[in-house]
Number of protein chains: 6
Amino acid sequence: MQNERYRSGLKKLEEIDGKAGKRVIDSLASISPDLAKYTIEFPFGDIYQRPGLDLKSREIATIAALTALGNCQPQLNVHINGALNVGCKPEEIVETIIQMAVYAGFPAALNGMFVAKEVFIEREIIKE
Amino acid sequence: MQNERYRSGLKKLEEIDGKAGKRVIDSLASISPDLAKYTIEFPFGDIYQRPGLDLKSREIATIAALTALGNCQPQLNVHINGALNVGCKPEEIVETIIQMAVYAGFPAALNGMFVAKEVFIEREIIKE
Amino acid sequence: MQNERYRSGLKKLEEIDGKAGKRVIDSLASISPDLAKYTIEFPFGDIYQRPGLDLKSREIATIAALTALGNCQPQLNVHINGALNVGCKPEEIVETIIQMAVYAGFPAALNGMFVAKEVFIEREIIKE
Amino acid sequence: MQNERYRSGLKKLEEIDGKAGKRVIDSLASISPDLAKYTIEFPFGDIYQRPGLDLKSREIATIAALTALGNCQPQLNVHINGALNVGCKPEEIVETIIQMAVYAGFPAALNGMFVAKEVFIEREIIKE
Amino acid sequence: MQNERYRSGLKKLEEIDGKAGKRVIDSLASISPDLAKYTIEFPFGDIYQRPGLDLKSREIATIAALTALGNCQPQLNVHINGALNVGCKPEEIVETIIQMAVYAGFPAALNGMFVAKEVFIEREIIKE
Amino acid sequence: MQNERYRSGLKKLEEIDGKAGKRVIDSLASISPDLAKYTIEFPFGDIYQRPGLDLKSREIATIAALTALGNCQPQLNVHINGALNVGCKPEEIVETIIQMAVYAGFPAALNGMFVAKEVFIEREIIKE
């Protein structure tokens, strides 16, 4: 019953987010498998499949937006990991977050940076 | 009395935003020249001067954030122009805005796209 | 090349939003027909097709969210029309918007109400 | 010294939110009993008393708004409970939250769904 | 039928906002006189009546919040006028808005400042 | 290598926020000392140095904005402490937060008040 968008979306999700994306999907199984399905189909089966913007730039755009919105820290964690997985340098992630101080204020930038710090420590990019 | 951050900031502002950035600065003269000064010094004298992320990626991050926040349409107009000025392709701008449907919802993406449409028509990239 | 989600989405869009929805779609033609396509497919081809919540309740949820977010007034206009089209009473729309004063503050509720006023005048539900 | 708005508000608060609403009120006693008083009087003594929109629709509107705003998870928890208390079906709550992916993005919908999951597990509507 | 909260609220509204506040109330007459009533009763009949924070500080808090939220420009206009009416100096208003660059980003501060500019020109505090 | 803005900013940060501000700065050392530097230079070296608005009013503006934005609770904690440090009375902080119910809704005000409660208990202004 899985359609093509779902299949290519799941593959893209795994390419970008590795196990973290899969964990989000699994955690929806008991309450809303349909939201999990849409999360695979639309963002990863439609949007991240598109040519016209490379995956690294897509992840920078996502990190910028999630840092600026300021209330999506679990998703920011997943996408900082995703950015590293598709080849963004840690420095590029840090720069993107610093820049959000200009557009969304220092609290948003600081809170985004603390999410990056967690991810970088977990991946042993920096020491605590 | 102009410091080095101001001077290099003004130069960067002109490189990125051309006359549009200057117009914003001028429009503050009668009410708060200090806010104009800070707008040059911190975003353009500090942040956009930094190595570690190229200007094209910085503009993609800014377009993503301003589209997602959804209440900064004058600034989004300036930065879509800025993105084009520093070499982003129209398609990359369109892709960044489409992607925001995922992270900030369809209204934010639609409203961002209508700002891009205005800019693209003005610059004769598309016809009305 | 139009898939089933697109076809049923377009039909649902017309059922709910009448010409207003179509105008939004058309206005994207020159800049991003793909965003138009996604706007039909995901919200109207997937979500508004779902059983489990009647259309009237879906429109009340949408009006509540757009009023609370406060920066989506074109979409709020479309959906206040949509709510009336699917059978919501004007009073139910007014009540939903008043209630947002509790959750998003008085400015959000007032600005939402002024959008409703425009729609109600246009549809001759109230006089100016 | 309790006025009529307070008395009918407290009764409505207990009808909708049961003990959870009362706990919020009690937790304000040491810092701002007046904010507790206003929380009873205006939302529950004024707004939720109004005819023109049934309680189930009011709770759907509130769940939609709190999910879309994305930074009110304690209140979302209380109102998902409230929605169940006044007769909303779990499915209607799930549908309302899924729909917010359209208007506020997937992160908002996902984070709202995880709050619903907690409530549904606590009330043994679903298993972990 | 007007209660005491309404009467003292209307008086406070006129003290703070002068004719501008009254115009907002009047503009709701055809669509939702009840929202007008609540806007007088709760903000002006309850909150702005309270001792413990002087009116000037209350207006500074309101200008800060409305600038930071960024999507309440009609209300920001009314309250910049209100701040001047209760004795805030133009400089204090400008400082409050500049400071929002720190907490909500430069676009929010710039857009808030342009609202202040309109008010200051209208009141002949500055020239265009 | 520390410039004058940094030096006076650090002094102002310590005057306002005491050890809490310093802890935020230190916690950035391993990931982005530059964001720490900007956080000292721009908000505290530029903005909080300015005449034209006294420090108490600046803290009230900040508490209002952070409560209204609703997703900056660590920064709200620091600035409620800061407000007390520069001479705001607990009552003035409580009033500022209550007032945000009007402009940003009850959930924002309630969540802000719970941050104040934590600070007030820690500083033994109130008992749990």
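The values are calculated or read from the model by the stated rules, or taken from the named source; none is laboratory data. Remember, it's a predicted structure, so these values are computed and weren't measured experimentally. Every residue, glycine as well, gets a Cβ built from its backbone with ideal geometry; the counts of neighbours run over all protein chains shown. Side chains are part of the model used for accessible areas, which takes the heavy atoms of the whole protein and leaves out ligands, DNA and RNA. Shrake-Rupley method; radii C 1.70, N 1.55, O 1.52, S 1.80 Å.
Here are some notes:
- All positions within segment A:1-23 that are open to solvent by 40 Å² or more (accessible area, probe 1.4 Å) and under 17 Å from D:M113 (Cβ atoms): A:K22, A:R23
- Some residue of segment B:59-67 being in a loop (DSSP other than H, G, I, E, B) and more than 27 Å from E:I80 (Cα to Cα): no
- Residue check, C:G9 assigned to a helix (DSSP H, G or I), farther than 20 Å from D:G105 by Cα and not charged (D, E, K, R): no
- Scan of segment C:21-45 for residues that are in a helix (DSSP H, G or I), out of contact with any Gly (no Cβ under 9 Å at 6 or more places or on another chain), polar (S, T, N, Q) and within 7 Å of another protein chain (Cβ to nearest Cβ), ordered by number: none
- Within segment E:82-95, the set of residues being more than 13 Å from E:M113 (Cα to Cα) and not charged (D, E, K, R) comprises E:G82, E:A83, E:L84, E:N85, E:V86, E:G87, E:C88.
This table checks each residue for (1) of a type outside the set (G, A, S); (2) closer than 24 Å to F:P43 by Cα.
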| site | (1), (2) |
| --- | --- |
| A:L69 | yes, yes |
| A:N81 | yes, no |
| A:N85 | yes, no |
| A:I93 | yes, yes |
| A:A101 | no, yes |
| A:V115 | yes, yes |
| A:E128 | yes, no |
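- Residue tally, condition open to solvent by 10 Å² or more (accessible area, probe 1.4 Å) and outside any helix (DSSP H, G or I), over segment F:89-128: 7
- Residue-level check: of (1) open to solvent by less than 20 Å² (accessible area, probe 1.4 Å); (2) over 30 Å from A:Q73 (Cα atoms), D:Q49 misses just (1).
- Residue match in segment F:29-37 (condition: within 20 Å of E:Q99 (Cα to Cα) and open to solvent by 10 Å² or more (accessible area, probe 1.4 Å)): yes
Listed here are the residues, each with its yes/no results for (1) of a type in the set (G, A, S); (2) more than 15 Å from the chain's Cα centre (by Cα).
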| site | (1), (2) |
| --- | --- |
| D:D26 | no, yes |
| D:S32 | yes, yes |
| D:L35 | no, yes |
| D:A61 | yes, no |
| D:T67 | no, no |
| D:E92 | no, no |
| D:E128 | no, yes |
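- The sole residue among A:M113, A:M100 that is facing chain B (nearest Cβ under 10 Å) and aliphatic (A, V, I, L, M) is A:M100.
- Selection count, segment F:52-67, where residues are open to solvent by 10 Å² or more (accessible area, probe 1.4 Å) and among the small types (G, A, S): 2
- The residue pairs whose first member lies in segment F:46-70 and is farther than 14 Å from E:A68 by Cβ and facing another protein chain (nearest Cβ under 7 Å), whose second member is of a type in the set (G, A, S) and open to solvent by 10 Å² or more (accessible area, probe 1.4 Å), and whose beta carbons are closer than 9 Å, counting only pairs six or more residues apart or on different chains, are F:S57/E:S57.
- Selection from segment F:71-88 of residues that are more than 7 Å from every other protein chain (Cβ to nearest Cβ) and not in a helix (DSSP H, G or I): F:V86, F:G87, F:C88
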